[in-house]
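**Student:** Sharing a structure below in structure tokens format, with a few things to ask.
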Amino acid sequence: MKLFVANWKMNLEVGESEKLARACVQKLPKPGVTVVLCPSHPSISKVSSVVKGSSYKLGAQDCAIEDRGAFTGEVSAKDLYQLGCRYVILGHSERRAMGETDEQIRGKYMAAIRNKIQPILCVGETLIERRRKLAAKVVSRQLNFVFQSLQTTKDFQPIIAYEPIWAVGTGNPATPKDAYQMHSLIKKIIGEKFNRKKVLMLYGGSVDLQNVYSFLSTSEVAGVLVGGASAKPTLPELIQSASIDKKR
Ligand code: PGA
């Protein structure tokens, strides 16, 4: 099963989110592909009603560290769960760029797990870090920080989205080869930590209609995290082309 995660960021109004979700549910994804729609927080409730009872899943773009209390402006994982969210994107590079720290991301990660929401942890290096051959070091730090001393149940399956920052929103995607090279590092770290042979790694960064298949057909890549291209009216078409069938 491959995962297609649509990160609408803050690109759509509530009505636009609802409309796009409606257009999606009218066409089921191809077999073997699970689609997670991640609207902005104010749109979650409407999109939740649209996807209810369909095969589409609902996700959020962030959550708070705490479940309840005096945290003005925060949105708790507990409430997200009640609204139907079963996934949450955490540690996105756009949030890290606004000052979110590894420590905060770890707190959010624990909040998600506590509330039975599957976190999708984003990691990735900047162009300068890549040119300085620091990509592996940066991604290792991001992973180790979140996963150190994390207590989970045996059936917990981490999902990591490798999103090189130089590829996010730039129209300049990494190659499937770049993605699966990073997969081996992620597999090593996560595999050792959780004693798993299989690690679910998504690729994100300028995925579009033209290249989505090249990522999904790569066995090391368990799915894609799509930003800009997922917030366009052509999303249903993009989902349709997110097939793993070679004879599409
Ligand atoms: P992009 O964004 O597809 O627009 O590059 C990906 C992301 O931010 O998750």
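**Student:** If I filter segment 120-142 for residues that are polar (S, T, N, Q) and farther than 23 Å from Phe215 by Cβ, do I get at least one hit?
**Tutor:** No.
**Student:** In segment 54-78, how many are part of a loop (DSSP other than H, G, I, E, B) and open to solvent by 50 Å² or more (accessible area, probe 1.4 Å)?
**Tutor:** 10
**Student:** Within the set of pairs 6+ apart or on separate chains, which have a first residue in segment 91-104 that is closer than 20 Å to Asn144 by Cβ, a second that is among the β-branched types (Val, Ile, Thr) and in a loop (DSSP other than H, G, I, E, B), and C-beta atoms under 6 Å apart?
**Tutor:** Ser93/Val168
**Student:** Mind checking which strands (runs of 3 or more DSSP E) fall wholly inside segment 143-248 and carry at least 2 residues that are among the acidic types (Asp, Glu) and crowded, with 21+ Cβ neighbours inside 10 Å? Explain how you work it out, then say what you get.
**Tutor:** On the way: elements: 159-162, 200-204, 223-226.
Here the list is empty.
**Student:** Within segment 11-53, can you find the residues that are small (Gly, Ala, Ser), touching a residue at least 40 places away in the same chain (Cβ under 8 Å) and assigned to a helix (DSSP H, G or I)? Break it down into steps so the answer makes sense when it comes.
**Tutor:** Initial filter on segment 11-53 (small (Gly, Ala, Ser)): 15, 17, 21, 23, 32, 40, 43, 45, 48-49, 53.
Filter once more, so that each one left must be touching a residue at least 40 places away in the same chain (Cβ under 8 Å): 23, 32.
Once the filter is applied, which keeps residues that are small (Gly, Ala, Ser), touching a residue at least 40 places away in the same chain (Cβ under 8 Å) and assigned to a helix (DSSP H, G or I), segment 11-53 yields only Ala23.
**Student:** Scanning segment 26-43 for residues that are over 17 Å from Gly227 (Cα atoms) and open to solvent by less than 40 Å² (accessible area, probe 1.4 Å), which turns out modelled with the highest pLDDT? I'd like the intermediate steps shown before the answer.
**Tutor:** Keep residues of segment 26-43 that are over 17 Å from Gly227 (Cα atoms), which gives 26-33, 42.
So of that shortlist, the ones also open to solvent by less than 40 Å² (accessible area, probe 1.4 Å) come out as 29, 32-33.
Numbers: Pro29: 90, Gly32: 92, Val33: 95.
Residue satisfying both the conditions and the ranking: Val33.
The values are calculated or read from the model by the stated rules, or taken from the named source; none is laboratory data. Small disclaimer: the values here were computed from a predicted structure and weren't measured. As a convention, Cβ positions derive from the backbone with ideal geometry for all residues, glycine included, and neighbour counts pool all protein chains shown. Note: accessible area is taken over every heavy atom of the protein model, side chains too, but ligands, DNA and RNA are not part of it. Shrake-Rupley method; radii C 1.70, N 1.55, O 1.52, S 1.80 Å.
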